[in-house]
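The values are calculated or read from the model by the stated rules, or taken from the named source; none is laboratory data. Since the model is a prediction, treat every value here as computed from it, not as a measurement. Cβ atoms come from the backbone with ideal geometry, glycine included; neighbour counts cover every protein chain shown. Each accessible area value is taken on the protein alone, full model and side chains, heavy atoms only, with ligands, DNA and RNA left out. Shrake-Rupley method; radii C 1.70, N 1.55, O 1.52, S 1.80 Å.
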Amino acid sequence: MTNKIKPLRGEITVPGDKSISHRAVMLGSLAEGTTEITHFLQGADCLSTINCFRQMGVTIENNPEQNKVTLRGKGLHGLKQPAKTLDVGNSGTTMRLMSGILSGQTFDTVITGDASIQKRPMGRIITPLSQMGAKVESIPGGGLAPLHITGRKDVHLHGIHYDSPVASAQVKSSVLLAGLYAEGSTSVTEPNVSRNHTELMLKMLGADLIISDTTATIQPNPKLTARKIEVPGDISSAAYFIAAGLIVPGSQLVIKNVGINPTRDGIIRVCKQMGADIAIENIRNTDTEAVGDIIVSYSQLKGTEIGGPIIPTLIDEIPIIAIMACFAKGQTVIKDAVELKVKESNRIDVMVNNLSLMGADIIATEDGMIINGGLPLHGAAIDSKADHRIAMSFTIAGLVTDSPVDVLGADCVNISYPAFYEDLNRLMR
Ligand code: S3P
């Protein structure tokens, strides 16, 4: 069967940012007053966060038709012990950030998730939380979930300075959230700055938090006051349409209201490096985050090198960047991205194996991959490994292959973008 290539044209609004939607529920639950969250992401990961906080006594109304969530915060010390194990599903953000919050509670909890979560490294949060005096145990051992977190009834957590070996917003946020409950100040220094949504939202709600270069420092026990939270469109979801616009001949797209926080905008910078016709218009600020409309047109891309401090700002976009690199002239080198191995799947292996299957010239390296672009890609059956970003990346590749791409386990897009296929089909003319 041959594939008829159709250009993508028109305007699209992508769902709310996943990272910010999680944080809005978590911090709203710890604030005093009513939080109204608009453009909330109705993805399975964020629904897991809602469920966990409901189990800890927070009243949360979700209106999926309007993507609006309203919750009544309990204050820092108002959560109650859940009746059963907290289940984060596929969500690493829920697991790691909530562990920081749970470390500061007076009750015990057990927290687990799906098969993928149970293979992902939790030692990276157990280490700093333990240094703060928390008791977080890996039940199977080896730093794996399920985790048992013992409430601190008599002893308090104490603030630490943590030099994180990885640039990870989940690690940084976990420690800062535990810092809300510690004695003394808590700071985290990262090798490179990772997404700073936790810091920005905490500050907006009244926390005493200072960001200086690669270090964030928080003081304990603030009064967090509920505020309205407007979630920007997710740049990680927009990335699939940016790529489609660039690689499908004849395309021109406007992606409205996308979050362009500089700790997340690496994809835009890389597109420019690759010679893309891309612009941002209508830039404005919500209370915490910058947003803009992204305008993108089909472009002949060229290869590039990606490594160093830009990596945390585009870590979730590397699968789709690898697809773009296959359509670029020349070589693309992606390095310093060893973190890809511990995402929802091993994204180095999965990208390299599947793109090789489709005829790409790609090799895996220790910390990334090297792609020589320009070879035509052929259709194939692609196992998504239940990783939403892999499923969406190969769906986009399939728009320009000579025969169809069959994505196995395609419904995992539910994690971050339930209407992905509908939105994509609507843009195809
Ligand atoms: C996230 C941080 C990143 C990212 C993940 C979401 C967050 O993970 O890959 O999809 O919301 O804090 P790391 O902190 O492990 O880099």
When restricted to Leu8, Leu30, the only residue open to solvent by less than 10 Å² (accessible area, probe 1.4 Å), within 19 Å of Ala239 (Cα to Cα) and in contact (Cβ under 8 Å) with a residue 60 or more places away in the chain is Leu8
Taking the range 398-429 and keeping residues more than 17 Å from Ala244 (Cα to Cα) and assigned to a helix (DSSP H, G or I) leaves Ala410, Asp411, Cys412, Asn414, Ile415
Within the range 79-117, of all residues that are of a type in the set (Asp, Glu) and not in a strand (DSSP E or B), the one surrounded by the most Cβ atoms within 10 Å (Cβ to Cβ) is Asp114
Practice problem: Report yes if Thr59 is without any contact (Cβ under 8 Å) to a residue 40 or more places away in the chain, away from the ligand (no atom under 16 Å from the Cβ) and of a type in the set (Val, Ile, Thr), otherwise no. | Solution: yes
Subset of the range 344-357, residues open to solvent by 40 Å² or more (accessible area, probe 1.4 Å) and either in contact (Cβ under 8 Å) with a residue 60 or more places away in the chain or more than 16 Å from the ligand (Cβ to nearest atom) (or both), comes to Asp349, Asn353, Ser356, Leu357
Being touching a Leu at 6+ places or on another chain (Cβ under 8 Å), modelled with pLDDT of 95 or more and not acidic (Asp, Glu) narrows Ala337, Ala381, Ala364 down to just Ala381
Screening Leu177, Leu144 for residues that are surrounded by fewer than 19 Cβ atoms within 10 Å (Cβ to Cβ) and within 16 Å of the ligand (Cβ to nearest atom) leaves only Leu144
Out of (1) of a type in the set (S, T, N, Q); (2) away from the ligand (no atom under 16 Å from the Cβ); (3) under 22 Å from the mean Cα position of the chain (by Cα), the one Ser138 does not meet is (3)
**Report entry** Residue within the range 43-57 that is in contact with a Ser or Thr (Cβ under 7 Å, 6 or more places away or on another chain), among the aromatic types (Phe, Trp, Tyr), in a helix (DSSP H, G or I) and buried (at least 18 other Cβ atoms within 10 Å of the Cβ) present
**Finding:** yes
Of (1) on the phi < 0 side of the Ramachandran plot; (2) in a loop (DSSP other than H, G, I, E, B), Gly374 satisfies every one except (1)
Q) Is it true that some residue in the range 176-198 is over 21 Å from Ser29 (Cβ atoms), among the β-branched types (Val, Ile, Thr) and in a helix (DSSP H, G or I)? A) no
